[in-house]
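Everything on this sheet refers to the single structure shown next.
We did not get these values from a lab; they are worked out from the coordinates using the rules stated. The structure displayed is predicted, hence computed values, not measured ones. Because the Cβ atoms are built from the backbone with ideal geometry, glycine has one as well, and the counts that use them run over all protein chains shown.
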Ligand SMILES: Cc1ncc(COP(=O)(O)O)c(C=O)c1O
């Protein structure tokens with residue numbers, strides 16, 4: 001009964017350099033030697049520094065400020081590292097706000113974004129906070145506080161380039177339409193609060209840089225029509241993760257050109273003479289490569305031509321993004337010889353709990369460790385406790401390597 005699985009096809013190409021693979025293997029071995037037990041995440045500052053250096057080398061006509069997208073990787077060790085680099089952080093929830101405040105970010109280095117923040121921000125307001133308004137209701141509810149504490153405010157605009165990626169005919173729920181934003185401008189003018197920032201965030205895994213140019217052109221038209229003199233242009237995040245494939249097998253960054261992005265921004269900047277700095281809030285592009293998930297094969301089955309590896313970590317617990325992304329998945333131990341179509345599962349009782357299905361060496365056996373690469377974005381925030389505890393977390397920075405989160409137990 002049932003269908004026979006297809007034969008192993010061409011191996012997906014994730015495009016990692018041999019040095020990157022060797023770096024992670026070495027760090028994982030060190031963590032194991034220091035007592036790490038699977039499943040565990042291992043994160044490092046070095047890949048983040050490398051991506052930021054690439055972004056900083058772009059010529060974007062104005063100085064660029066990179067805001068840490070805290071929701072992408074809310075890891076205290078990363079927050080501390082980021083702050084020590086003199087870089088600021090963007091938050092969209094009370095939890096994130098408290099995390100960055102605890103990590104020592106000063107008020108001027110915290111940017112509050114996201115919808116419905118009138119529900120939680122009043123309790124945390126402080127003088128000089130940077131806040132991008134997302135709706136007219138938010139503005140109504142928060143305006144007295146904004147005036148009292150002289151917030152440095154911005155508007156998130158919903159341009160026609162922002163839509164639900166799964167149903168492109170529908171807009172997202174974020175930001176203000178041009179009509180709403182026009183009303184917001186008038187209300188802020190009446191109370192004498194200058195609009196310092198104009199903000200867009202198009203969506204995630206943006207496939208081509210062209211849409212940034214079109215969105216910024218809409219923002220410029222709005223700004224000119226309303227006589228605004230913005231100091232900052234916040235283009236949000238959305239750059240695709242590197243070394244990651246969509247379910248169809250294509251690299252998610254295959255059609256995204258950093259040079260085309262830079263050109264679009266340089267063009268757009270001609271219409272923003274008062275803008276002093278460009279703000280970016282890339283999440284997955286910056287953080288995805290900064291971590292791996294390490295799991296152990298617990299059991300091996302074979303049925304209807306499919307080899308099945310059942311492991312102590314997987315999609316349900318640690319890697320929800322495997323629903324829509326394919327990541328490199330390699331054994332830590334050297335395993336060679338004939339390959340067969342292999343599915344890698346987590347330990348939960350969910351058929352859904354599958355990290356990937358592709359050709360892998362048939363010599364992989366129980367006790368082997370597998371590495372799921374590029375686990376630095378949206379893994380920690382989406383991990384679950386489904387039937388199991390949360391995984392250990394390890395952090396590497398320079399010569400330092402240590403456990404920064406123990407395996408948590410149900411009682412916690
Ligand atoms: C306002 C804002 N900025 C930045 C990001 C980071 O997005 P990405 O990881 O796609 O770069 C998000 C993600 O949802 C967001 O909502």
Requested in this report: Between the alpha-carbon centers of region 214-283 and region 326-374, tell me the distance in whole angstrom.
Outcome: 37
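Restricting to Cα atoms and excluding each atom paired with itself, what does the Kirkwood estimate give for region 47-287 in Å?
Values: mean 1/r = 0.0549 Å⁻¹.
Value: 18.2 Å, from the Cα pair sum.
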**Report entry** DSSP bridge pairs, the chain: antiparallel proportion in percent, nearest 5
**Finding:** 50
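What order, most packed first, do the peptides 371-382, 285-296, 155-166 have when packing is the mean number of other Cβ atoms within 10 Å of each residue? Spell out each step's value before the answer.
Numbers: 371-382: 22.8, 285-296: 26.9, 155-166: 18.7.
Listed from highest to lowest mean packing, they are 285-296, 371-382, 155-166.
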Report summary line: Once normalised by the length of region 34-177, the mean sequence separation of its alpha carbon contacts under 8 Å that are 6 or more apart gives a contact order in percent of 15
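What number in nm² do you get for region 298-379 if you take the convex hull of its Cα atoms and divide its surface by four? Before the final figure, lay out the partial values.
Details: hull surface 20.5 nm².
Taking a quarter of the hull surface, the average projection is 5.1 nm².
Report, in deg cm²/dmol and to the nearest 500, the calculated mean residue ellipticity at 222 nm for the chain, where each DSSP H run with n ≥ 4 adds -39500 (n - 2.57) and the sum is divided by the residue count. Before the final figure, lay out each step's value.
Numbers: 10 runs with 107 residues, N = 412.
Taking each H run of at least 4 residues, the total per residue is -8000 deg cm²/dmol.
Could you tell me whether region 339-412 comes out rounded, prolate or oblate from its Cα gyration tensor? Rule is a ≥ b ≥ c as square roots of the eigenvalues, rounded for a/c under 1.5, then prolate if a/b exceeds b/c, otherwise oblate. Working shown, then result.
Values: a/c = 2.08, a/b = 1.35, b/c = 1.55.
In terms of gyration-tensor shape, oblate.
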Report summary line: Going fewest to most other Cβ atoms within 10 Å around each Cβ, 32, 245 line up as 32, 245
**Report entry** Dimensions (Å) - the chain, Cα atoms, principal axes, largest first
**Finding:** 71, 41, 41
Query raised in the report: Given a cut-off of under 8 Å on Cα pairs at least six residues apart, what relative contact order in percent is computed for region 47-287?
Result: 22
Query raised in the report: Could you give the nm distance between label points at residue 56 and residue 250, where each point is 7 Å from its Cα heading toward the beta carbon?
Result: 3.4
Report summary line: Taking every C-alpha to C-alpha distance in region 93-185 and binning by 10 Å from 0, the per-bin percentages run 16, 45, 28, 10, 0
Query raised in the report: Spin-label point model (7 Å from Cα, Cβ direction): what's the residue 386 to residue 224 distance in nm?
Result: 5.1
Requested in this report: Give me the number: length gained by fully extending residue 84 to residue 187, i.e. 0.36 nm times residue separation minus the C-alpha to C-alpha distance, one decimal in nm.
Outcome: 33.3 nm
Report summary line: Taking 217, 387, 69, 167 and counting other beta carbon atoms within 10 angstrom, the fewest-first order is 167, 387, 217, 69
Query - Separation in nanometres of the label points that stand 7 Å from Cα toward Cβ, at residue 303 and residue 19 - result: 4.6
